[in-house]
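The structure appears below as structure tokens.
The values are calculated or read from the model by the stated rules, or taken from the named source; none is laboratory data. Please read these numbers as outputs of a predicted model, since none were measured by experiment. Counting neighbours? That spans all protein chains shown, and the Cβs are built from the backbone with ideal geometry, glycine included.
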Amino acid sequence: LVEFAPKDFDGHALDIAGGSGLLAEHFLRRNPKARMTLVEPAEGMRALASRRLGNRIIIKDATSEKLDRLELNADAALCSASFHLMNEETTLPSIASVLEKGSVFAVNLWGHSFDETINLEQKVDWIKFVDQALNEFDLPPMNRPKKSTPRIKSKEELRKIGKSCGLHLRETNIVTTEIETQFSIEFAAMDFNFLNQVEKGIREQVIARALELCCGLDTISTVDFKFEKV
């Protein structure tokens with residue numbers, strides 16, 4: 001995503017739903033003269049971003065749908081790993097409202113939320129490795145998370161909504177890759193509610209054992225979009 005911004009970018013960039021500041025850190029490394037505002041509604045994530053980047057960025061508390069309330073203008077905007085949670089009908093106009101003419105909005109989307117890639121993904125059942133580890137500690141199997149129905153987005157719908165608010169879709173890139181299934185366990189373990197029924201200390205041992213047992217590769221895809229404000 002950072003490569004969608006002009007080379008040697010030295011304007012004001014917006015990191016939307018910026019989380020812990022990882023994307024902002026990469027962007028500033030590539031564009032050290034840039035000014036950056038990270039927008040994130042979760043207090044815990046804002047704290048992590050502050051520790052990561054200090055005074056290199058400004059941090060704001062807002063959702064992607066209410067950027068106009070921040071009273072700022074940006075020369076570029078980025079959004080990584082959270083667009084699948086957003087309503088494009090309200091988010092795209094909100095982003096357009098703070099972008100200067102000619103600015104770029106770069107965003108990626110998990111493949112399971114895009115109509116062209118929804119059937120490309122193949123995943124190993126990582127929960128069976130967690131259950132196996134729990135069994136070794138004489139603990140009951142974990143409660144399987146409830147499956148949610150993702151909001152499926154399409155290129156034509158994004159193009160239509162974007163055009164209506166002055167964001168023209170210029171590029172779409174689909175990237176398919178394989179990652180170790182262990183990533184799914186590591187990602188789940190980031191949530192403090194994961195295996196919270198297990199005594200602290202034992203929980204960490206169970207996770208470590210599950211990672212040892214885990215094998216296999218997941219095929220995942222992401223879709224990168226580049227919009228331009230006209």
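The single residue among Leu217, Leu158, Leu167 that is farther than 26 Å from Glu121 by Cα and of a type outside the set (Val, Ile, Thr) turns out to be Leu167.
In the stretch 133-160, the qualifying residues are those that are charged (D, E, K, R) and in a loop (DSSP other than H, G, I, E, B), and the one that is modelled with the highest pLDDT is Asp138.
Identify, please: which residue in the stretch 198-212 is buried (at least 17 other Cβ atoms within 10 Å of the Cβ) and touching a residue at least 12 places away in the same chain (Cβ under 8 Å) and is, among those, farthest from Gln182 (Cα to Cα)? Among them, the one singled out is Val198.
Kindly indicate whether any position in the stretch 88-97 is farther than 18 Å from Ala76 by Cβ, at pLDDT 95 or above and in contact with a Lys or Arg (Cβ under 8 Å, 6 or more places away or on another chain). Checked the stretch 88-97: at least one residue is farther than 18 Å from Ala76 by Cβ, at pLDDT 95 or above and in contact with a Lys or Arg (Cβ under 8 Å, 6 or more places away or on another chain).
The residue that is farthest from the chain's Cα centre (by Cα), counting only those in the stretch 128-163 that are crowded, with 18+ Cβ neighbours inside 10 Å and β-branched (Val, Ile, Thr), is Val130. Among all positions in the stretch 161-173, there is at least one residue which is part of a loop (DSSP other than H, G, I, E, B), under 27 Å from Leu92 (Cβ atoms), touching a residue at least 12 places away in the same chain (Cβ under 8 Å) and in contact with a strand residue (DSSP E or B) (Cβ under 7 Å, 6 or more places away or on another chain).
Here Leu67 passes the criteria (1) closer than 19 Å to Lys226 by Cβ; (2) of a type in the set (A, V, I, L, M); (3) out of contact with any helix residue (DSSP H, G or I) (no Cβ under 7 Å at 6 or more places or on another chain) except the one numbered (3). The single condition among (1) more than 30 Å from Lys226 (Cα to Cα); (2) surrounded by 13 or more Cβ atoms within 10 Å (Cβ to Cβ) that Leu169 does not satisfy is (1). When the residues of the stretch 110-132 are filtered to those that are out of contact with any Asp or Glu (no Cβ under 8 Å at 6 or more places or on another chain) and aliphatic (A, V, I, L, M), the one that is farthest from Asp68 (Cα to Cα) is Val130.
Just to verify a result, which residue in the stretch 117-132, among those that are acidic (Asp, Glu) and in a loop (DSSP other than H, G, I, E, B), is nearest to Ser221 (Cα to Cα)? Checked the stretch 117-132; the qualifying residue nearest to Ser221 (Cα to Cα) is Glu121. Applying a threshold of 7 Å to beta carbon distances and a minimum spacing of six or more residues, or different chains, the list of pairs starting in the stretch 34-51 at a residue that is within 18 Å of Leu78 (Cβ to Cβ) and without any contact (Cβ under 8 Å) to a residue 40 or more places away in the chain and ending at one that is of a type in the set (S, T, N, Q) and in a loop (DSSP other than H, G, I, E, B) reads Pro41/Thr63; Met45/Ser20; Leu48/Ser20; Ala49/Ser20.
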